[in-house]
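Worksheet: the structure to be examined is printed underneath.
The values are calculated or read from the model by the stated rules, or taken from the named source; none is laboratory data. All figures in this text were calculated on a predicted structure; none of them were measured in a lab. When we count neighbours, we look across all protein chains shown, and the Cβ atoms used for this are built from the backbone with ideal geometry, even at glycine.
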Amino acid sequence: MQKRITDDLHDLLKILPPPIGQAVTAANRTEDLLEVILDLGRVPTARYIDGEVQLTDTEVAHDDINYAVARVGDFDADNRAGIERTLHRISAIRNRREHIVGLTCRVGRAVYGTTEIIKDLIESGKSILLLGKPGIGKTTMLREAARILADKKRVVIVDTSNEIGGDGDVPHPAVGKARRMQVAKPSLQHEVMIEAVENHNPEVIVIDEIGRELEAAAARTIAERGVQLIGTAHGQTLDNLLLNPTLADLVGGIESVTLSDEEARRRGTQKTVLERRAPPTFDVLIEIQDRHTLVVRPDVAAAVDGILRGKPTPTELRREDEHGHFQMETVAPPAPARGRGGNGRGIDLRAQGTASEFPFIESQSTIRESRRESASSAEPLKVFSYGITRQRLEQSARRMRLPLHVVDDLAHAQLLVTLKTYYRRRQRPISDAEERGLPVYVLRSNSVTQIENFLADVFNMQAEPAEDDTGAMEKALLETQSAIQAVLSGSRTVDLSPQSSTVRRAQHELARQANLVSHSYGKEPYRRVRIFRE
């Protein structure tokens, strides 16, 4: 199906002060326009898909702000307004006295045909959750899904900020026959969701931006009544959702479970593991990577179970090429981490905290002595992790080129690493480790930064003797070129070996020349470059 776009851009240009509206028209790039920014005391700018452009040399004055505000609808509690019978969104920035000092005028477009790539999923009757970064097209896809389903089913849209159906009492034609319920305040969205089911007998509920715990609970209630849900949530991937304690319930929630000795031996895990708490609210999850690429998880329950047990399930990659043809392929999950099975704690929601560290329980010298004894015997340091994600710990050790092995039995460990939350509760493994005289290291969070700082301290990292500068640079650049080729061939990210700041600058330059993105991670002397697509 050929895509058809309706943007009603002339209505948006009418609310802008004439010089600014004329500048947008003169730029002749309306198809790529995302939003127009008006900030008091600054020059007006237009944001396009590929960057930002200054519109005039004259700074925005109070009169310019007032001109635009007078031509749009009323601003709601979320500081959003619209233009009647259009999909444009006008968002306000206020000062402390509630006066508007900035406007973000976002272009709303109805794109007919944008859901063809997932039409089979939409019409399957399964509940679907869309994830993706802001501005990537989640709401556009949601609107089109409502229009398609409304031809065959009773569809009700819960429209919190009037982004789906547009401003005014009459919904935009882009939603087709779907009925629209407006929400007085964003904090009342969950109540309107329940009201929609109880009063209007829908077969499908469409919701945008599920972001609060009450909304997640309302979504579960609706799903349990047999109503199909099509919604979006804050987050970009399933992993993001699992790490969000407010929204994890959308995919089943997570709880800590203590296994019997027999079951723990059968699984090859520790006794305390994380399990999915309940059936997911949504059956299918779609991660929108860009406007033409989607990652589909057709069975959310299996996907969550796989992540928690350290055995991720395959995903379905769907692409649209430049000719409008769709391509689908199954993508195998990354290879499992080394060791005897997963520890059942691939994601730990209790480990959210700040980046600062809790003090050592045993002295650093004791831990480093264990590390030195391990190194002298040419064996990896054996670590028992309690509450720390095993996969992250092993991946960090591999990235930092450290000899570390995560063991499943405390009896074989040389030290224990845990979280502040668990240590305060005096959990049994921690008490056992202290009785055995094992060093205990406590982190405040389960973040990669905390884990890498822990490894750097445990292994007492010092900069390695530098080889010939020319040889080191050539070796690093060869590794960089191989990584660039891997990313261009489809790899998501590639981490390079730790290097000095001079070498890293050269690596960043190579990545930039290949039109790829690169960032530096970690702490000196083991700071490294990661290369990935934007």
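Odds and ends about this structure:
- Among the residues making up the range 481-528, those that are small (G, A, S) and within 18 Å of V448 (Cα to Cα) are S497, S518, S520, G522.
- Residues of the range 187-222 classified as within 17 Å of I128 (Cα to Cα) and at pLDDT 90 or above, total: 17
- The range 153-175, residues that are under 28 Å from the mean Cα position of the chain (by Cα) and in a loop (DSSP other than H, G, I, E, B): T160, S161, N162, E163, I164, G165, G166
- Selection within the range 83-141 - surrounded by 16 or more Cβ atoms within 10 Å (Cβ to Cβ), small (G, A, S) and under 17 Å from I286 (Cα atoms): S127, G132, G137
- In summary, strands (runs of 3 or more DSSP E) completely within the range 216-287 and bearing 3 or more residues that are touching a helix residue (DSSP H, G or I) at 6+ places or on another chain (Cβ under 8 Å), in the same structural domain as R318 (by TED's automatic domain parsing) and touching a residue at least 24 places away in the same chain (Cβ under 8 Å) occur at 228-233, 272-276.
- Residues that are of a type in the set (A, V, I, L, M, F, W, C) and more than 21 Å from L274 (Cβ to Cβ) within the range 305-328 comprise L317, F326, M328, listed in sequence order.
- Output for the range 197-246, where each listed residue is among the β-branched types (V, I, T), within 30 Å of R392 (Cα to Cα) and in contact with a Gly (Cβ under 9 Å, 6 or more places away or on another chain): I210, T232, T246
- Complete set of residues in the range 67-121 that are on the phi > 0 side of the Ramachandran plot and in contact (Cβ under 8 Å) with a residue 60 or more places away in the chain: R85, G113
- Taking the criterion of being closer than 20 Å to R291 by Cα and without any contact (Cβ under 8 Å) to a residue 60 or more places away in the chain, the residues of the range 144-163 that qualify are E144, R147, I148.
- Set side by side, the residues A145, A178, A110, A150 differ, and just one is within 24 Å of the chain's Cα centre (by Cα), of a type in the set (A, V, I, L, M, F, W, C) and closer than 29 Å to E320 by Cα, which is A145.
- Qualifying residues in the range 437-486 (those that are within 30 Å of N240 (Cα to Cα), more than 29 Å from the chain's Cα centre (by Cα) and at pLDDT 80 or above) - the one surrounded by the most Cβ atoms within 10 Å (Cβ to Cβ): Y441
- Of the candidates I222, I254, the single residue that is surrounded by 16 or more Cβ atoms within 10 Å (Cβ to Cβ) and closer than 15 Å to V158 by Cα is I222.
- Just one of (1) loosely packed, with under 15 Cβ neighbours inside 10 Å; (2) within 22 Å of F454 (Cβ to Cβ); (3) within 22 Å of the chain's Cα centre (by Cα); (4) at pLDDT 85 or above fails for V331. It is (2).
- Filter result (more than 21 Å from the chain's Cα centre (by Cα) and acidic (D, E)) within the range 205-237: E224
- All conditions but one from (1) more than 11 Å from N162 (Cβ to Cβ); (2) out of contact with any helix residue (DSSP H, G or I) (no Cβ under 7 Å at 6 or more places or on another chain); (3) not in a strand (DSSP E or B) apply to A77; the one that does not is (2).
- Within the range 81-100, the set of residues being more than 24 Å from the chain's Cα centre (by Cα) and over 14 Å from A70 (Cα atoms) comprises R85, T86, L87, H88, I93, R94, N95, R96, R97, E98.
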